[in-house]
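Down below is the structure, laid out as structure tokens.
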Amino acid sequence: MTNRTGRRRLPAFAAGLATAAMALGFTALPAGAAPPVPDVDLVAVGDSYTAGVGAGSFIAPFPCLQTNGGYVDVLKALPIVDDVVSNEACAGALLVDGPSDVIPSVMEQIAALSASEGLSGRTELVTITAGANDLDFTTPLAICATSTLFDCAQAVQAAQTQFPVIQANLVDALTAIHKAAPRATIVVFGYPLLFNPEGGPALLTPEAQMLVNTGTAALNEVISDAVDIANAEAKANAVYVDVTDEFADHAINSLTGASWINFNPQVPFAPENFHPNAAGHNAYADALVDEVNLQAIARR
């Protein structure tokens, strides 16, 4: 239809849509412009595994030690992940600090991110590793490496007395993350089994290796249960990601594949020991990509 000037008039329906679009602030893309590419806003909190320890050189000073090349950096390099990533994880972090602790706890990391809006309604993905420091995992390791099998068993069992508190604190952490970032999928990683008792020589006897692996598996179960509780009680949208299968042939003393876990027997308790190396951090990132559909959670 044309008016008296010869100009074509928009049908009433189309004109109404155009008016509504302008009122809502929508504008047409410039000619030839590509539509916006969806991406995932990623935030990370937790302990040394999320801080990247074992993957590269230290880049952040005490009290919040981090290294480059960790699984968070691997995820950041994915095209679908926004290149601005907030990683507040610190080596040695507990879920909740005691009065004399100087390393920011996981709860303190979450609080700081919430205050700065690093965690917000725009956040689509949060990753976390936590729990091992809360049971002082290095103490059973040291006892199992230097004392009798009986002492090793006692040390592993004593560490497990902390499980109820760890579980409750982790539920609180996941609830706090969800409150600050209600749209986010929260990926909660477990820990790899460090040893292959049927493998080559290691710091521990095969029997002690089995005890330590049993303790790690029990901690992973506590973490998985915390995810279930947080989802049931707070609808936290959390996902537990088990990495034991990925590391099954890549333990410290594996005979069937290259180790993905750092261990220097000359310095048995160096900070990098018992942490994933670069290949191990890549395995963590791969496990997340296998579990979470990043395309589905990306903001459009």
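Need pairs with beta-carbon distance below 8 Å; first residue part of a strand (DSSP E or B) and within the range 115-130, second open to solvent by 30 Å² or more (accessible area, probe 1.4 Å); sequence gap 6+ or separate chains.
As it stands, the answer is Leu125/Ile297, since those pairs meet every condition given.
With Ala93, Ala155 as the choices, which residue is in a loop (DSSP other than H, G, I, E, B), under 25 Å from Asp242 (Cβ atoms) and modelled with pLDDT of 95 or more?
Testing whether each residue is in a loop (DSSP other than H, G, I, E, B), under 25 Å from Asp242 (Cβ atoms) and modelled with pLDDT of 95 or more leaves just Ala93.
Can you work out which of the residues in the range 9-68 that are at pLDDT below 90 and under 30 Å from Gly190 (Cβ atoms) is surrounded by the fewest Cβ atoms within 10 Å (Cβ to Cβ)?
Looking at residues that are at pLDDT below 90 and under 30 Å from Gly190 (Cβ atoms), I get Pro61.
Among the listed residues Thr185, Thr214, which satisfies the condition of being open to solvent by less than 40 Å² (accessible area, probe 1.4 Å), under 27 Å from Ala287 (Cα atoms) and hydroxyl-bearing (Ser, Thr, Tyr)?
Only one candidate qualifies: Thr185.
Of a type in the set (S, T, N, Q) and under 28 Å from Leu42 (Cα atoms), is that true of Ser147?
Spelling it out, it is not the case that Ser147 is of a type in the set (S, T, N, Q) and under 28 Å from Leu42 (Cα atoms).
Among the residues that make up the range 147-170, is at least one of them in contact with a helix residue (DSSP H, G or I) (Cβ under 7 Å, 6 or more places away or on another chain) and on the phi > 0 side of the Ramachandran plot?
No.
So which residues in the range 141-157 are open to solvent by 80 Å² or more (accessible area, probe 1.4 Å) and either within 15 Å of Phe195 (Cα to Cα) or among the polar types (S, T, N, Q) (or both)?
Within the range 141-157, Thr146, Gln154, Gln157 qualify.
Looking at (1) outside any helix (DSSP H, G or I); (2) of a type in the set (D, E, K, R); (3) free of Cβ contacts under 8 Å to residues at least 24 places away in the same chain, can you tell me which one Glu246 breaks?
(3)
Tell me the residue from Thr161, Thr148 that is of a type in the set (S, T, N, Q) and closer than 26 Å to Asn264 by Cα, please.
Going through Thr161, Thr148 in turn, the sole match is Thr148.
Among all residue pairs at least 6 apart or on different chains, which show Cβ distances below 6 Å where the first residue, located in the range 175-202, is part of a helix (DSSP H, G or I) and the second is surrounded by fewer than 21 Cβ atoms within 10 Å (Cβ to Cβ)?
Thr175/Ala234; His178/Ala234; Ala180/Ser114
Given (1) closer than 19 Å to Ala180 by Cα; (2) not in a loop (DSSP other than H, G, I, E, B), identify the lone condition not met by Val74.
(1)
Looking at (1) of a type outside the set (Phe, Trp, Tyr); (2) free of Cβ contacts under 8 Å to residues at least 60 places away in the same chain; (3) touching a Pro at 6+ places or on another chain (Cβ under 8 Å); (4) open to solvent by less than 30 Å² (accessible area, probe 1.4 Å), find the lone condition where Val241 falls short.
Among (1) of a type outside the set (Phe, Trp, Tyr); (2) free of Cβ contacts under 8 Å to residues at least 60 places away in the same chain; (3) touching a Pro at 6+ places or on another chain (Cβ under 8 Å); (4) open to solvent by less than 30 Å² (accessible area, probe 1.4 Å), Val241 violates only (3).
Scan the range 253-290 for residues that are assigned to a helix (DSSP H, G or I) and open to solvent by less than 20 Å² (accessible area, probe 1.4 Å) and jot them down.
Of everything in the range 253-290, those that are assigned to a helix (DSSP H, G or I) and open to solvent by less than 20 Å² (accessible area, probe 1.4 Å) turn out to be Gly280, His281, Ala283, Tyr284, Ala285, Ala287, Leu288.
Is it the case, given these coordinates, that Gln157 is of a type outside the set (Asp, Glu) and within 19 Å of the chain's Cα centre (by Cα)? Working first, answer last.
On the way: of a type outside the set (Asp, Glu): yes; within 19 Å of the chain's Cα centre (by Cα): no.
Answer is no for this residue.
Can you say whether Thr129 is open to solvent by 40 Å² or more (accessible area, probe 1.4 Å), touching a helix residue (DSSP H, G or I) at 6+ places or on another chain (Cβ under 8 Å) and of a type in the set (S, T, N, Q), as far as the supplied structure shows?
No; evaluated as a whole, the condition is false for this residue.
Is it the case, given these coordinates, that Leu219 is crowded, with 18+ Cβ neighbours inside 10 Å and either part of a loop (DSSP other than H, G, I, E, B) or in contact with a strand residue (DSSP E or B) (Cβ under 8 Å, 6 or more places away or on another chain) (or both)?
Taking the combined requirement at face value, the residue does not satisfy it.
Just checking, which of Phe150, Phe163 is in a helix (DSSP H, G or I), modelled with pLDDT of 95 or more and either among the small types (Gly, Ala, Ser) or farther than 23 Å from Val106 by Cβ (or both)?
None of the others qualify; the one that does is Phe150.
The values are calculated or read from the model by the stated rules, or taken from the named source; none is laboratory data. Computed from a predicted structure; not experimentally measured. Cβ coordinates were reconstructed from backbone atoms using ideal geometry, including for glycine residues, and neighbour counts include every protein chain displayed. We work out accessible area using only protein heavy atoms, side chains counted, and drop any ligands, DNA or RNA first. Shrake-Rupley method; radii C 1.70, N 1.55, O 1.52, S 1.80 Å.
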